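Right, one structure below, let's go through it.
All of the numbers you see were taken from the coordinates with simple rules; none came from a lab. Given the structure is predicted, the values throughout are model-derived calculations rather than measurements. Here the Cβ is made from the backbone with ideal geometry for all residues, glycine too, and neighbour counts use every protein chain on show.
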Amino acid sequence: MTDAPAGAWTTGTLAEVKRSDRLVRLRFEVADRVDHLPGQHYVLRLRAPDDYTAQRSYSAASDPDDPLLELMVECLPDGEVSGFMHDEARVGDVFELRGPIGGWFTWSGEVPAVAVAGGSGVVPIVAMMRYARRLGLEHLLRVVAVARTLDALPYADELREYGALVALTRENLNGRVAAPPYPEEVAPLVEGTERAYVCGSVGFASYAQRLLGESGMRADAIRVEQFGASG
Amino acid sequence: MPVTRGFTGKRRADRARHADRLPPGQYDAGTDWPALTAEATPRVDTAQWTMVVDGLVRTPRTWDWREIHALEGSTYHGDIHCVTTWSKFDTTFTGVSVDTLLEQAEPLPEAAYVMAHATTGYTTNLPLEDVTGGRAWVVWEFDGRPLPVDHGGPVRLLVPHLYFWKSAKWVTRLELMDRDRPGFWEQNGYHDRGDPWLEQRYQGDP
């Protein structure tokens, strides 16, 4: 196992906020920030005046080289933390943050890899992608991003610019008819890689693992980060 | 630590349902049961699966699916808590108590820790006293139905008084040790013991 960096509780000042319908992109200036590995996450904690707290984990979208920490939060129905960050958070607000955390779902160019991510699952992959771009390692990281529509895909423009395979399941895109990724589309991206990163909801992760298996990826070479209820 | 401007926790009224049963920093997942995994979900064939208890024991033991079902059964009814902050109340799991397995294997006096191994290679370490005295099970049923594969089916370890990553899914072996050794998540930043009431989430937490 790599000796992944880890950080204690600290504070982050919200420096930039960008909201869309269901997403909010947050950029924090973090006190005593510890450089993370692409793929690691932070815990964000809210505190009410009577010391009631609510905390959730969010993957870092930023390249470790970025002076600010970037998180992309999907606003969930009734989401206690995501709802607050989407509706209330303002530039200048101070938040409790802890991180980076996690030593498993990380990539820093050590092996040729393919990432298959769905919806907000693209966030940790974006950090890996930005890292790869900065160091000229794009040939070592292939990306498949899946979402219902382009609007529902965080970082869509950046992913397309990178050359990711973007598969929209409810919308046509540049001549590609709406559909989940085909094995024929994915197999060439899997070829030559030694590891896969899968990130998304439980249902998506299960689908992505099958897809990768069909393309010849060994099960023990697949790293998974999945979230959400399974019903 | 600073109070978050404008945050009052307005969903807190929902929490009142089990306020005294909710560890610090957790929320009630209600009827949801989130599933998180690090590795690809395996398909475990019960005809091939075995449960092994070995390491520092007098008699290493192995049970197959039929044999483990023939042991005296045991049910847990209560709450479970995940380090990612969801808690789920009033769950029911059925299987066999780890005490029953250990009785047959007979831990040696110097055994003080356990490494739980899953079929996938996933591991998690625990103090031996945290899996004895009626505090741990190997389970194959949830709410009266076969344990779903995404939640560790057909069989997982259940140690509900600790964060749920200690309840290794797809468990296949309990290895008794004299010295503690970090398992998978423990090597990747998480706590060696994981008591939700003491918020022992990450390495470095007291």
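Numbers for the structure displayed
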item: Ranked list, fewest to most other Cβ atoms within 10 Å of each Cβ, for B:Ser167, A:Ser82; result: A:Ser82, B:Ser167
item: Per-residue Cβ neighbour rank within 10 angstrom, fewest leading, B:Leu162, B:Leu22; result: B:Leu22, B:Leu162
item: Within segment B:86-188: Cβ-based charge dipole about Cα centre, in debye rounded to nearest 20 (Lys, Arg +1; Asp, Glu -1); result: 360 debye
item: Karplus-derived 3J(HN,Hα), 6.51/-1.76/1.60, for each residue of segment B:114-126, Hz, glycine and proline x; result: 10, 10, 8, 10, 9, 4, 7, x, 4, 9, 8, 9, 8
item: Pairs of Lys in the protein assembly as shown closer than 29 Å at Cα, counting only those 8 or more apart or on different chains; result: 4
item: Per-pair calculated FRET efficiency, R0 = 60 Å: A:Glu184 and B:His161 via Cβ, rounded to 0.05; result: 0.75
item: Considering only the protein assembly as shown, percent of DSSP beta bridges that pair antiparallel, nearest 5; result: 70 percent
item: Label-point separation, B:Asp32 to A:Asp32 (7 Å along Cα→Cβ), nm; result: 3.2 nm
item: Förster-model FRET efficiency, 30 Å R0, A:Val111 and A:Leu173, C-beta, rounded to 0.05; result: 0.50
item: Spin-label model distance (nm) - A:Arg160 vs B:Asp64, 7 Å beyond Cα toward Cβ; result: 5.7 nm
item: Segment B:175-204-segment A:1-44 distance, computed between alpha-carbon centres (Å); result: 24 Å
item: Burial ordering of A:Glu158, A:Glu214, fewest other beta-carbon atoms within 10 Å first; result: A:Glu214, A:Glu158
item: Cα centroid of segment A:77-92 to Cα centroid of segment B:92-150, whole Å; result: 40 Å
item: Computed [θ] at 222 nm, deg cm²/dmol, the protein assembly as shown (DSSP H ≥ 4; -39,500 (n - 2.57); rounded to nearest 500); result: -4500 deg cm²/dmol
item: Unit charges at the beta carbon, dipole of the protein assembly as shown: most positive-side option, B:Ala168, B:Phe7, A:Asn174; result: A:Asn174
item: Estimated FRET transfer efficiency (B:Val149, A:Glu194; beta-carbon r; R0 30 Å; 0.05); result: 0.70
item: Span from the segment A:154-230 Cα centroid across to the segment B:26-81 one, whole angstrom; result: 30 Å
item: Label point 7 Å beyond Cα of B:Trp197 along Cβ direction - residues of segment B:128-151 with amide nitrogen under 14 Å; result: B:130, B:135
